[in-house]
Amino acid sequence: MRTRGMLAGLGLVVAFGATGCAFQKPSLKFKSVQVQDIDLEGTTLNVVYTLKNPNPIGLNLASVAYALEVEGHQVVSGKPPKGLSVRQRANTDLAFPARIKFSAIMPAVQVFLTKDKANYRASGEIGLKTPIGVVKLPLSYAAAFDVPKIPDFKFQTPAIQNISLTGARIIFPIKITNKNSFPLPLKGFAAAFS
């Protein structure tokens, strides 16, 4: 089995030599950071890199080492699936999803209470299977994202809508002000009075 793999690798090297092509190292370039989801518990970011394969053969992802730090504290991160294929002479976007739970980065909570933006840094490397072995490409990017703020809740003047001998219906209007540059989902609101 091992001999078969070595022969296949040797065949690719010979094919490259016969066509006058030399293997070119693929390049990895930062493309964007996309906020996939945000709520009061945390945010999910997709850090996207473009992998350029200038070679006449496709490549496969062999390994991924990835870390995401927010305000200097490492948070849980994700990775693309192993075995991802990169087409020949093509660009492939790799998305590295990371769910950041604000409670997991309590040491940086001061930043979230006092600042409008938080700094993050993505780092690591990916390994690509190639005819010349596994080629490692570094990942590195740093920027900032908007920190979600708790909305303001203000009670407005109550209004009596209906009154009878057995009860009353009173409306308590609440003004909710979102202090963020993005919408916050309102999943529900409940209150009780006694």
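The values are calculated or read from the model by the stated rules, or taken from the named source; none is laboratory data. Everything numeric here is computed off the predicted structure, so don't read it as measured data. Backbone-built Cβ (ideal geometry, glycine too); neighbour counts: all protein chains shown. Note: accessible area is taken over every heavy atom of the protein model, side chains too, but ligands, DNA and RNA are not part of it. Shrake-Rupley method; radii C 1.70, N 1.55, O 1.52, S 1.80 Å.
Tell me yes or no: at least one residue of region 133-142 is in contact with a helix residue (DSSP H, G or I) (Cβ under 6 Å, 6 or more places away or on another chain) and in contact (Cβ under 8 Å) with a residue 40 or more places away in the chain.
No, because not a single residue in region 133-142 is in contact with a helix residue (DSSP H, G or I) (Cβ under 6 Å, 6 or more places away or on another chain) and in contact (Cβ under 8 Å) with a residue 40 or more places away in the chain.
Does A190 count as open to solvent by 60 Å² or more (accessible area, probe 1.4 Å) and small (G, A, S)?
It is true that A190 is open to solvent by 60 Å² or more (accessible area, probe 1.4 Å) and small (G, A, S).
Checking the conditions here, which among G83, G72, G58 is on the phi > 0 side of the Ramachandran plot, more than 14 Å from the chain's Cα centre (by Cα) and either at pLDDT 80 or above or open to solvent by 60 Å² or more (accessible area, probe 1.4 Å) (or both)?
Going through G83, G72, G58 in turn, just one is on the phi > 0 side of the Ramachandran plot, more than 14 Å from the chain's Cα centre (by Cα) and either at pLDDT 80 or above or open to solvent by 60 Å² or more (accessible area, probe 1.4 Å) (or both): G72.
With respect to P97, determine if the residue is of a type outside the set (V, I, T), outside any strand (DSSP E or B) and in contact with a Leu (Cβ under 9 Å, 6 or more places away or on another chain).
Spelling it out, it is not the case that P97 is of a type outside the set (V, I, T), outside any strand (DSSP E or B) and in contact with a Leu (Cβ under 9 Å, 6 or more places away or on another chain).
How about region 147-177: which of its residues are aromatic (F, W, Y), assigned to a strand (DSSP E or B) and more than 33 Å from the chain's Cα centre (by Cα)?
Matches in region 147-177: F155 only.
Assess whether F145 counts as being over 20 Å from R99 (Cβ atoms), out of contact with any Gly (no Cβ under 9 Å at 6 or more places or on another chain) and among the hydrophobic types (A, V, I, L, M, F, W, C).
no
Considering (1) open to solvent by 100 Å² or more (accessible area, probe 1.4 Å); (2) at pLDDT 80 or above; (3) under 27 Å from the mean Cα position of the chain (by Cα), say which one A144 fails and leave the rest.
(1)
Tell me which residues, restricted to region 116-141, are of a type in the set (K, R) and more than 16 Å from the chain's Cα centre (by Cα).
If the condition is that a residue be of a type in the set (K, R) and more than 16 Å from the chain's Cα centre (by Cα), then K117, K129, K136 are the ones that fit.
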